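Visitor: Sharing a structure below in structure tokens format, with a few things to ask.
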Amino acid sequence: MSGAENLWTHPLDVRRIVEGRRVLPEAIARLSWSREQVEAEQQRALRQVVAAAKNGSAFWAEWLDEVDAATVTAQSLTVAPPVSKETVMENWDALVTDPALTLAGANEHLERLHADAEAPHYFLDRYYLSATGGSSGKRGVFVWDEGLATINPLITYRQQILEEQREPSDEPKRTAVICAPRLSHASRFLFPTPVNPDREMRVFPADLPIDTLIKELQAYQPDVIVGYASLVQEVCLEALQGRLSISPRRIYTNSEPLLPEIRAAAREAFGIEIHNSWGCVEGGILGVEGDSFSGITLAEDYNLFEFVNDDFQVVKAGDIASRILLTKLIPGVMPLIRYEVTDSVIFSVAPNPDAPGYRRITEICGRADVWFRYGTTKVHPMVFRGVLGQNPLVGEYQVFQTTNGARVDVLARNGYVPATDQESLIHALRKAGLAEPVVQVQAVTHLQRIERTGKLQRFVALAGE
């Protein structure tokens, strides 16, 4: 077995990998579909999803009361109101279609995972759960069932596999996946999935000290790198400074905005362009950049996207959409129909050289998280997010760098114990390379926001860092 297969021993993992490889040819063939074929598949799948949601969920039966599952179209679906993360969390138990799933049980499972990295990662032995604070910091808990867990890796890697089929190589195929260290994070669950049986995949935890990460990459010699945009930038800079000698053929970034300077660093270090991707914990990977590097091809055969402004009015191609209404077209235990994704993007309907029937995102408007630098030690935001984002009592949070650690302000629910997260963060910072970290976690009644925009800067570095 390849390196990645050794990571997956649960029978459900084995089954979803086998099934993913079985349906991979179809997923690849869909990239050649016309727009008419894509829209026909969307309508077929939409009617199936709406029917299952209304039949299996008390919440959706009421929410979609005016929607006829037998005749619904993308246009007529708009009679249903959008669904926010807050609405999902307030109606969680009634929204899912399996009565055995409860938010209380889900939170207990995630707490076990948070406390014990070796705890079983499936809830009820059949569902993957992940909690996210996202860009807003507001916590949400989402369920991936077997169908979603099977299809998402195909969306992620099908363009790469197609290209490798067109231009086969006898060189070793090794993918380095730089992601969260624990399976409680969706990046760790999704990206190391070995959909290609001919490719080895290895996990490199994102909280490794940079020096350790670089040494391990040097030894592994990957031809493909998958990772957070900011960490990919560090890898490129290490190569440019002569401390890393590898020859990747492809680089994929995820989870953070891909800035122009990161693309430039990859071109200078390795002579290649970066394939950006876009997604969310709620729905997984929603699009990946193809080999024309002309934008992110949206996975419209598995998702329905509505690009709207703050008043939920449809925007035209080329204008900024302040949010997206996402409808998952993969039938599942946690239907998401017209779900608000609060990313700001620009989309295009111009001919797509990578997949003729699909629209593209040409820009994701956002700001990358800052690194915290303590002398020569660099700490990635995931170190903090990995602790704070998994605590069900944490509503929102803000992290201020100090000279030897951090001060963390938390909007918390009753029962929150700051000392617990404080101890976990001290341990995480030590692991990241900070010798004697000092951390102060405190519950507050409000967080500091940017006066001009009202937005929250999640991680605030020291001035001059």
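The values are calculated or read from the model by the stated rules, or taken from the named source; none is laboratory data. Just so you know, these numbers come straight off a predicted model, no measurement behind them. Glycine also receives a Cβ, built like all others from the backbone with ideal geometry; neighbour counts cover every protein chain displayed.
Visitor: So A94 passes all but one of these: (1) at pLDDT 95 or above; (2) within 22 Å of E256 (Cα to Cα); (3) surrounded by fewer than 22 Cβ atoms within 10 Å (Cβ to Cβ); (4) of a type outside the set (K, R). Which condition number does it fail?
Guide: Every condition holds for A94 apart from (2).
Visitor: Restricting attention to the range 189-197, does a residue exist that is surrounded by 19 or more Cβ atoms within 10 Å (Cβ to Cβ) and in a strand (DSSP E or B)?
Guide: Checking the range 189-197: not a single residue is surrounded by 19 or more Cβ atoms within 10 Å (Cβ to Cβ) and in a strand (DSSP E or B).
Visitor: Out of N391, N352, which single residue is of a type in the set (S, T, N, Q), assigned by TED's automatic domain parsing to the domain that holds R250 and in a loop (DSSP other than H, G, I, E, B)?
Guide: Every option except N352 fails the conditions.
Visitor: Is it fair to say F459 is modelled with pLDDT under 90, more than 30 Å from I324 (Cβ to Cβ) and of a type in the set (A, V, I, L, M, F, W, C)?
Guide: no
Visitor: Pull out all pairs, ordered by first then second residue, where Cβ-Cβ is under 6 Å, the residues are six or more apart or on different chains, the first lies in the range 79-91 and is in contact (Cβ under 8 Å) with a residue 12 or more places away in the chain, and the second is part of a helix (DSSP H, G or I) and surrounded by 13 or more Cβ atoms within 10 Å (Cβ to Cβ).
Guide: Correct list of pairs: N91/F59.
Visitor: Of all residues being of a type in the set (G, A, S) and buried (at least 23 other Cβ atoms within 10 Å of the Cβ) in the range 114-157, which is modelled with the lowest pLDDT? Just the residue, please.
Guide: The extreme case among them is A131.
Visitor: Return the total of residues in the range 314-336 being crowded, with 17+ Cβ neighbours inside 10 Å, out of contact with any strand residue (DSSP E or B) (no Cβ under 7 Å at 6 or more places or on another chain) and more than 17 Å from L77 (Cα to Cα).
Guide: Qualifying residue count for the region: 1.
Visitor: Could we say that N352 is closer than 19 Å to A74 by Cα, at pLDDT 95 or above and either aromatic (F, W, Y) or crowded, with 20+ Cβ neighbours inside 10 Å (or both) here?
Guide: No, not satisfied.
Visitor: Moving on. Just to verify a result, which residue in the range 1-18, among those that are in a loop (DSSP other than H, G, I, E, B) and over 10 Å from P194 (Cα atoms), is modelled with the highest pLDDT?
Guide: Per the stated criteria, the residue is H10.
Visitor: Consider A52 against the criteria (1) outside any helix (DSSP H, G or I); (2) in contact with a Pro (Cβ under 7 Å, 6 or more places away or on another chain): it satisfies all of them except one. Which criterion is unmet?
Guide: Status for A52: all satisfied but (1).
Visitor: Within the set of pairs 6 or more residues apart or between chains, which connect a residue that is without any contact (Cβ under 8 Å) to a residue 60 or more places away in the chain inside the range 391-418 to a residue that is surrounded by 19 or more Cβ atoms within 10 Å (Cβ to Cβ) and not in a strand (DSSP E or B) with Cβ atoms less than 6 Å apart?
Guide: Note: pairs meeting the criteria are G405/P437.
Visitor: Still on this structure: Looking at R166, R188, which one is without any contact (Cβ under 8 Å) to a residue 24 or more places away in the chain and closer than 30 Å to L103 by Cα?
Guide: R188
Visitor: Are there strands (runs of 3 or more DSSP E) fully within the range 277-346 with at least 2 residues that are touching a residue at least 12 places away in the same chain (Cβ under 8 Å) and closer than 16 Å to R47 by Cα? List them.
Guide: Where strands (runs of 3 or more DSSP E) fall fully within the range 277-346 and carry at least 2 residues being touching a residue at least 12 places away in the same chain (Cβ under 8 Å) and closer than 16 Å to R47 by Cα, they are 303-308, 323-328.
Visitor: Could you look through the range 400-440, keep only residues that are of a type in the set (G, A, S) and either farther than 14 Å from V383 by Cβ or outside the structural domain of G386 (by TED's automatic domain parsing) (or both), and pick out the one that is surrounded by the most Cβ atoms within 10 Å (Cβ to Cβ)?
Guide: Here the answer is A412.
Visitor: Something else now. Among the candidates E216, E234, E256, E268, which residue alone is modelled with pLDDT under 90, acidic (D, E) and in a helix (DSSP H, G or I)?
Guide: From the options E216, E234, E256, E268, the qualifying one is E234.
Visitor: Which one of these does K85 not meet: (1) within 30 Å of T175 (Cα to Cα); (2) touching a Gly at 6+ places or on another chain (Cβ under 7 Å)?
Guide: Single failed check for K85: (1).
Visitor: Quick test for you: out of A206, A264, pick the one residue that is touching a residue at least 24 places away in the same chain (Cβ under 8 Å) and of a type outside the set (D, E, K, R).
Guide: Exactly one residue qualifies, and that residue is A206.
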